1. How far is it, in nm, from the label point at Glu81 to the one at Asp12 when both lie 7 Å from their Cα along the line to the Cβ?
2. For the chain, with all protein chains present and a 1.4 Å probe, just round the carbon and sulfur fraction of the accessible area to a whole percent.
3. Obtain the nm distance between the two label points defined at Ile31 and Glu110 by a simple spin-label model: each point lies 7 Å from its Cα along the Cα-to-C-beta direction.
4. If I model a spin label at Asp53 and Ser119 as a point 7 Å from the Cα along the Cα→Cβ vector, what separation in nanometres do I get?
5. For the chain, what does -39500 (n - 2.57) per DSSP helix run (n ≥ 4), summed and divided by total residues, give at 222 nm, in deg cm²/dmol to the nearest 500?
6. Leaving out ligands, DNA and RNA but keeping every protein chain, what accessible area does Glu42 have, in Å² rounded to the nearest 10, with a 1.4 Å probe?
7. If the stretch 5-91 were replaced by its equivalent ellipsoid, with semi-axes equal to the square roots of 5 times the Cα gyration tensor eigenvalues, what would those be, largest first, whole Å?
8. Give me the 1.4 Å probe accessible area per residue for the stretch 16-66, excluding ligands and nucleic acids, in Å².
Amino acid sequence: MSLRVYAYEKCDTCRKALKFLAAKKIAHEVIAIRAQPPTKAELKAMLAYVDGDLRRLFNTAGQDYRALDMKTRLPKLSTDEALALLASNGNLVKRPFALTKKGGVVGFKEEEWAQHIASA
């Protein structure tokens, strides 16, 4: 299976993304993002897909982001430090986080998923 979707079961946005995949009959593997965050290698690959914008990988609306004062800390972190932090805390990762062998998307915007996931 070439599509891996990191999601949180209680997240409305994740449920919308999974519903989109089901409607399009796109085979995928769902991984519980809180229990098993994306690996550092997967995060690095996604960073390339979001044009190197590290902030786009973070769940900026999440409680952990606020509790860890990531708004202040993130600009001071190296890319490796930020990716290690994301790989160790699935709550910090923007979700859903979907990777194919050819690309990936974070968050759910139907147009992006139709372009990058449905055509992969």
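1. 3.6 nm
2. Values: 3360 of 6950 Å².
Exposed carbon and sulfur together represent 48 percent of the surface.
3. 2.8 nm
4. 1.9 nm
5. Details: 6 runs with 48 residues, N = 120.
Value at 222 nm, helices only, nearest 500: -10500 deg cm²/dmol.
6. Ignoring ligands and nucleic acids, Glu42 comes out at about 30 Å².
7. Working: eigenvalues 119, 44, 26 Å².
Sorted largest first and rounded, they come to 24, 15, 11 Å.
8. Numbers: 3130 Å² over 51 residues.
Accessible area per residue: 61 Å².
The values are calculated or read from the model by the stated rules, or taken from the named source; none is laboratory data. This one's a predicted model, so the numbers in the text were calculated from it and none came from an experiment. Note: ideal-geometry Cβ built from the backbone for every residue, glycine included; neighbour counts use all protein chains shown. Remember, those area values only see protein heavy atoms, side chains included, never the ligands or the DNA or RNA. Shrake-Rupley method; radii C 1.70, N 1.55, O 1.52, S 1.80 Å.
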